[in-house]
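Just below is one structure, and these are the notes that go with it.
The values are calculated or read from the model by the stated rules, or taken from the named source; none is laboratory data. These numbers come from a predicted model, not from an experiment. We place every Cβ from the backbone using ideal geometry, glycine too, and count neighbours over all the protein chains shown.
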Amino acid sequence: MKKYFEATYDKLPLAGVIEEAGNAQGYETGSWGTFRPVFHEEICIHCMFCWVYCPDTAIQVEDGKVVGIDYVHCKGCEICSVECPTKPEKAITMEKK
Ligand code: SF4
Ligand code: SF4
């Protein structure tokens, strides 16, 4: 899979056309952020809000339950933590990298 973020401007396709659909896996967006989410399994109620709202499909799920975070693709946007409904403590908190 071609990594567009490694291409120089003269190697990009005309008008930045995406020639290969489904290429998000090739973007290692995990290096972009200054914060990262920390998953607290003991608090999670598996409502899946974080999975629905994550723009990078970085919430890892097995058998319908959240099991962790894909830090290679999570860019630390904090949406999962904001949307997590558990109180008084959230099942996903943010920490500085
Ligand atoms: S939003 Fe919070 S409680 Fe819901 S599945 Fe994600 S981590 Fe668990
Ligand atoms: S911080 Fe953003 S990118 Fe990372 S898991 Fe949460 S919603 Fe997804």
Item to check | Residues of segment 72-83 that turn out to be farther than 21 Å from residue 26 by Cα, among the hydrophobic types (A, V, I, L, M, F, W, C) and in contact (Cβ under 8 Å) with a residue 40 or more places away in the chain, as a count | outcome: 1
Checklist entry - Of the residues that make up segment 77-93, is at least one touching a Lys or Arg at 6+ places or on another chain (Cβ under 6 Å), outside any helix (DSSP H, G or I) and surrounded by 11 or more Cβ atoms within 10 Å (Cβ to Cβ)? => result yes
Checklist outcome for this item: Those residues of segment 58-79 which are out of contact with any helix residue (DSSP H, G or I) (no Cβ under 7 Å at 6 or more places or on another chain) and either among the β-branched types (Val, Ile, Thr) or within 16 Å of residue 92 (Cα to Cα) (or both) amount to 58, 60, 65, 67, 68, 69, 70, 76, 77, 78
Checklist entry - Among the candidates 69, 59, 92, which residue alone is within 13 Å of ligand 1 (Cβ to nearest atom), within 8 Å of the chain's Cα centre (by Cα) and in contact (Cβ under 8 Å) with a residue 24 or more places away in the chain? => result 69
Checklist entry - Name the residues in segment 25-71 that are surrounded by 13 or more Cβ atoms within 10 Å (Cβ to Cβ), part of a loop (DSSP other than H, G, I, E, B) and at pLDDT 95 or above, would you? => result 40, 43, 44, 46, 47, 48, 54, 58, 70, 71
Checklist outcome for this item: For segment 40-69, the count of residues that are within 13 Å of ligand 2 (Cβ to nearest atom) and out of contact with any Ser or Thr (no Cβ under 9 Å at 6 or more places or on another chain) equals 14
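Would you confirm, using the coordinates I've provided, whether residue 51 is among the aromatic types (Phe, Trp, Tyr) and either touching an Asp or Glu at 6+ places or on another chain (Cβ under 8 Å) or closer than 16 Å to residue 94 by Cβ (or both)? Working first, answer last.
On the way: among the aromatic types (Phe, Trp, Tyr): yes; either touching an Asp or Glu at 6+ places or on another chain (Cβ under 8 Å) or closer than 16 Å to residue 94 by Cβ (or both): no.
Judged against the criteria, residue 51 is not a match.
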